[in-house]
Amino acid sequence: MIEQNKNSNKSAGTERAKIIIAGGGTGGHIFPAIAIANTIKKLAPATEILFVGAKGKMEMEKVPLAGYKIDGLDIAGFNRSSLIKNIALPYKLVKSFFQVMQIFKTFKPTAVIGVGGYSSFPVLRFAQSKGIKTFIHEANSFAGKSNMLLAKNATKIYVATDGMDKFFPVAKILVTGNPVREAISKSIITKQEGIRFFNLDPNKKTILSIGGSLGAKSINEALAAHLNEFEKNNLQLIWQTGKPFVATAKQLAVGKPTIWVNDFIMKMEYAYAAADAVISRSGAMSVSEICVQKKAALFVPYPFAAEDHQTANAQKLVNRNAAMMIKDSEALDKLVPSIIALAKNEQKLQAFKTNISSFAISNADDVIAKDILSTI
């Protein structure tokens, strides 16, 4: 039983709540967090919301762009590729707890929401030590380590799929699906508007490639190696590369007006609207957005995800004739020919669009926000 925080407002649930949302690292953590925050503000406009993330990570840029204040912690995750880089981890963890103490002293939160990522751990752990209610959102079918460690003392745990009782206490679980950004879940952008936004040709079919918010090496290299094939097959490409590959991709796209390139797409609703088919990793949030947008998709699962959960995410759709999948190791040779064949097969495009729509959940943010507000 979690002790009620003696300093919290008993009536804070609707009008006077002060909520910290902690976590980040990737778009898969950040964008659901923003979706939850937006819905809480819509339902209870007087609620004060503060984000807490890791300094140097993408949440420090994306959260302010969404209109919220964010405090950064000096914290880093465990580096599996270079053990020497982990020497400073204990120091950073201790330092982050002192930073969290100061944030709580100043902001005095009523409740804390964790969305995963290592920056969520010290924030929720400190909140739990003070008897402040904590809520966890787990987007993936395989729970993150921070969320598993925090689950025992959490007030409620929101999950995307069934079967999460192998990670979390069953009595605390609520299956909600993943919160999708309102701009995407309730988009009314037409295909014509999407095509015009990217200054592309309305008479050509359009492929959208989104290798995740940080980019995907295998997808980028496959597209780069076969970029001329799009023009040869009367197709155009919207290519989100991530920062590491953007300079190379832009150089390759010089003189190709049907190839649009950038490291990140801020207005994803326009990209989805323009797309006839999507190339994507199969992280939880990418899959959720593609389902909500009802798009034909070719998934290339990230092979090093925990318990290979990205393959499981994609396979669930493949089994229902709702998407295609190729292995990361086969992307260089198979990705471009496969997406071109899909784009030319109108019957398969339509079947995928119809079948993937049955997996769409568009109100997860509303369910989670209402449950949090009614609990605190």
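Observations, loosely collected:
- Positive contributions from Lys and Arg (+1) and negative ones from Asp and Glu (-1), summed over other residues with Cβ under 15 Å from the Cβ of Ala274, come out at +3.
- Shape category assigned to the stretch 184-359 from the gyration tensor of Cα positions, a/c cut at 1.5: rounded
- Close amide H contacts of Leu50 (hydrogens built in the peptide plane, cut-off under 5 Å, sequence separation of 5 or more or a different chain): Ile19, Ile20, Ile21.
- Farthest toward the positive end of the dipole of the chain, out of Asn313, Leu252, Ser185, is the Cα of Ser185, where the dipole comes from beta carbon charges about the Cα centre.
- Extension gain (nm, one decimal) between Leu174 and Lys130, 0.36 nm per residue minus Cα-Cα: 13.4 nm
- The stretch 160-242: relative contact order as a whole-number percent, Cα under 8 Å and 6+ apart: 29 percent
- Karplus-derived 3J(HN,Hα), 6.51/-1.76/1.60, for each residue of the stretch 326-334, Hz, glycine and proline x: 10, 6, 4, 5, 9, 4, 4, 8, 9
- Karplus (6.51, -1.76, 1.60) ³J(HN,Hα), θ = phi - 60°, over the stretch 285-301, in Hz, Gly and Pro reported as x: 6, 4, 4, 4, 5, 5, 5, 4, 7, 6, 10, 5, 9, 10, 9, 10, x
- Computed over the chain, relative contact order equals 17 percent, with contacts defined as Cα pairs under 8 Å that lie 6+ residues apart.
- Ordering Val159, Gln240, Phe299 by Cα displacement along the dipole of the chain toward the positive end leaves Val159 in first place; charges were set at the Cβ atoms of Lys, Arg (+1) and Asp, Glu (-1).
- Peptides 282-288, 301-307, 106-112, 261-267 ranked from most to least packed by the mean count of surrounding Cβ atoms within 10 Å: 282-288, 106-112, 261-267, 301-307.
- Span from the the stretch 207-286 Cα centroid across to the the stretch 126-156 one, whole angstrom: 35 Å
- For the stretch 317-325, Karplus couplings with θ = phi - 60° (6.51, -1.76, 1.60), whole Hz, Gly/Pro x: 6, 4, 5, 9, 6, 10, 5, 10, 8
- Cross-linked pairs Lys186/Lys267; Lys42/Lys69; Lys217/Lys243; Lys95/Lys152; Lys243/Lys294; Lys205/Lys353: Cα-Cα separations exceed 19 Å for Lys95/Lys152; Lys243/Lys294.
- Residue-averaged [θ]222 nm for the chain, counting only DSSP H segments that reach four residues, each worth -39500 (n - 2.57): -12000 deg cm²/dmol
- Ranked by the mean number of other Cβ atoms within 10 Å of their residues, highest first, the peptides 185-198, 228-241 fall in the order 228-241, 185-198.
- Amide H within-cut-off set for Ser119, under 5 Å, with H built and near neighbours excluded: Gly24
- Amide H contacts of Lys205 (H built 1.01 Å from N, under 5 Å, at least 5 apart or other chain): Gln236
- Sequence of Tyr158, Tyr118 once ranked by neighbouring C-beta atoms within 10 Å, starting from the fewest: Tyr118, Tyr158
Here, each number is a calculation from the coordinates, and none is a lab measurement. As the structure is a prediction and not an experimental result, all values here were calculated from the model. Cβ: placed from backbone, ideal geometry, glycine included. Neighbour counts: every protein chain shown.
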